[in-house]
1. In this structure, is residue 130 over 22 Å from the mean Cα position of the chain (by Cα) and crowded, with 17+ Cβ neighbours inside 10 Å?
2. If you go through segment 153-166 one residue at a time, do you hit one that is in contact (Cβ under 8 Å) with a residue 60 or more places away in the chain and over 17 Å from residue 133 (Cα atoms)?
3. When both residues are 6+ apart or on different chains and their Cβ atoms are under 9 Å apart, which pairs have a first residue that lies in segment 193-209 and is free of Cβ contacts under 8 Å to residues at least 24 places away in the same chain and within 13 Å of residue 225 (Cβ to Cβ), and a second that is part of a loop (DSSP other than H, G, I, E, B) and away from the ligand (no atom under 15 Å from the Cβ)?
4. Condition test on residue 148, is it more than 23 Å from residue 172 (Cα to Cα), in contact with a strand residue (DSSP E or B) (Cβ under 9 Å, 6 or more places away or on another chain) and touching a residue at least 60 places away in the same chain (Cβ under 8 Å)?
5. Which members of segment 214-270 meet the condition of being over 20 Å from residue 160 (Cβ atoms), assigned to a loop (DSSP other than H, G, I, E, B) and within 16 Å of the ligand (Cβ to nearest atom)?
6. Can you tell which of 206, 191 is touching a strand residue (DSSP E or B) at 6+ places or on another chain (Cβ under 7 Å) and either modelled with pLDDT of 95 or more or away from the ligand (no atom under 16 Å from the Cβ) (or both)?
7. Given the criteria out of contact with any strand residue (DSSP E or B) (no Cβ under 9 Å at 6 or more places or on another chain) and more than 16 Å from the ligand (Cβ to nearest atom), does residue 297 qualify?
8. Would you check if there is a residue in segment 352-363 being on the phi < 0 side of the Ramachandran plot and within 16 Å of the ligand (Cβ to nearest atom)?
Ligand code: 9MR
C-alpha cells in the first residue's frame, strides 16, 4: 500500500513538473500582454499548415509578415490586389485574434511608381495625394477589422535623425505626421503605431520620443511605438531596451515588441538589424546547418529569451503586445538574412514544429515572476 502511494505521489510530482497541455503562451501571458506572431501566406491561407495550427493554439494576435506591404497591395497605381490580405484578415477573425496591419509607409517594399512621374521624381503634391489614396484605400477596406496599423516603418537612423526615404525626399519631414493623420481619418478607432529596429540605441530612442512628444503637443493620434527587437544571443543588452520602454511610457505611449527573434548565428555586423547589408555565404557563418543546435547554445537561447521576458513582465504596465517575427525556425526570415541559405534557430518552435526548451521556459516564467519578480535575470 505504502509503495503504491509513494508511486502515485512521485508520479503526480513528475506531472507537476511537465508543462500542462492546457497551458499556452497566450494563456499564461494574458494577465500581462497580448502574445502575437507574424505569419506568411503559407500559414494563414493553407488550412493544413502546421504553422497555422500552432498560431491558432499559442497566439492571440497576428501580423502579416509581407502580405500587406505596399508592393503587395498596390503594385501599380490604382490597381489593388486584396486577395491574400483578405485571407489574412479572415484567418485572424476566424480565430478571434487581434489583427495587426504592417505597414503603410516605408522606404522598402514600396513600388517605384509611388515616387516617380513622367520625366523624373514626383513632386510633393503628387506624393501626398498618393500616400493619402493608399492609406485611405487600405485602412478603409479593413476598417473595424484590423486592430492597429504600423503606420510608418523605420524612418529614423541610429542617431535619432530622419534617415533617407523617398517619401521624405519628396514630401519633407512632415511625411510621418501626414501618414498618421490620413490613417486616423480612414479609421478613427484603429490603433496607430510607429515601428522601428535598433530601438535599444540611445540616439534613436531620443529621436522617436521627440516625435511622440511633438505629435502629442499637436494632437496627432499615436497609440504606441513598436520596438522590432531583432536580437542576438550576445546582445544588445536587455537594459537598453528597458530604457526605451521606460522613456516611451514617460512620453505617454505604450511600447509594443513587434518583431522579436534571437539569431544564434555568428555575425560580422554586431547587433544591428540594418536591412540594407547582406553578405556572401561562407561556411563559418553557418556552423549548425544539419539542423541540430548544440545543447549549450540551446541553453543560451533559453536564457536570452527568459531574460528578455523577465524584463517584459516587470514592465507589463507599459507593454501592450509582444509579437514574434515568425513561429518556427524553418520559416524564419533569418535563414536568408544577412546571408542567404543559412540554418538559424531564432524562434520558439523547431524545424519539425516542436516546442523548444525556450518555449517551456517562457511558459513557466509568469508563475515564477508572481512569486519572485525578476527571477529570469538570474545567471
Ligand atoms: O520578414 C520579412 C521578409 O520575409 C522580407 O523578405 C523582408 C523584406 O524587406 O521583410 C521582412 O520583414 C521586415 C519587416 O517588414 C520590417 N522590419 C524588418 C523585418 C525583417 O527584415
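The values are calculated or read from the model by the stated rules, or taken from the named source; none is laboratory data. Here the structure is a predicted model, which means the values were calculated and not measured. When we count neighbours, we look across all protein chains shown, and the Cβ atoms used for this are built from the backbone with ideal geometry, even at glycine.
1. It is true that residue 130 is over 22 Å from the mean Cα position of the chain (by Cα) and crowded, with 17+ Cβ neighbours inside 10 Å.
2. Yes, segment 153-166 contains at least one residue that is in contact (Cβ under 8 Å) with a residue 60 or more places away in the chain and over 17 Å from residue 133 (Cα atoms).
3. Sorted first by the residue in segment 193-209, then by its partner, the list stays empty.
4. On the way: more than 23 Å from residue 172 (Cα to Cα): yes; in contact with a strand residue (DSSP E or B) (Cβ under 9 Å, 6 or more places away or on another chain): yes; touching a residue at least 60 places away in the same chain (Cβ under 8 Å): yes.
Judged against the criteria, residue 148 is a match.
5. Within segment 214-270, 265, 267, 269 qualify.
6. Result: 191 is the single residue among 206, 191 that is touching a strand residue (DSSP E or B) at 6+ places or on another chain (Cβ under 7 Å) and either modelled with pLDDT of 95 or more or away from the ligand (no atom under 16 Å from the Cβ) (or both).
7. On the way: out of contact with any strand residue (DSSP E or B) (no Cβ under 9 Å at 6 or more places or on another chain): yes; more than 16 Å from the ligand (Cβ to nearest atom): yes.
For residue 297, the condition - out of contact with any strand residue (DSSP E or B) (no Cβ under 9 Å at 6 or more places or on another chain) and more than 16 Å from the ligand (Cβ to nearest atom) - is met.
8. Step one: filter segment 352-363 for residues on the phi < 0 side of the Ramachandran plot, giving 352, 354-363.
Subset that is within 16 Å of the ligand (Cβ to nearest atom): none.
Checked segment 352-363: no residue is on the phi < 0 side of the Ramachandran plot and within 16 Å of the ligand (Cβ to nearest atom).
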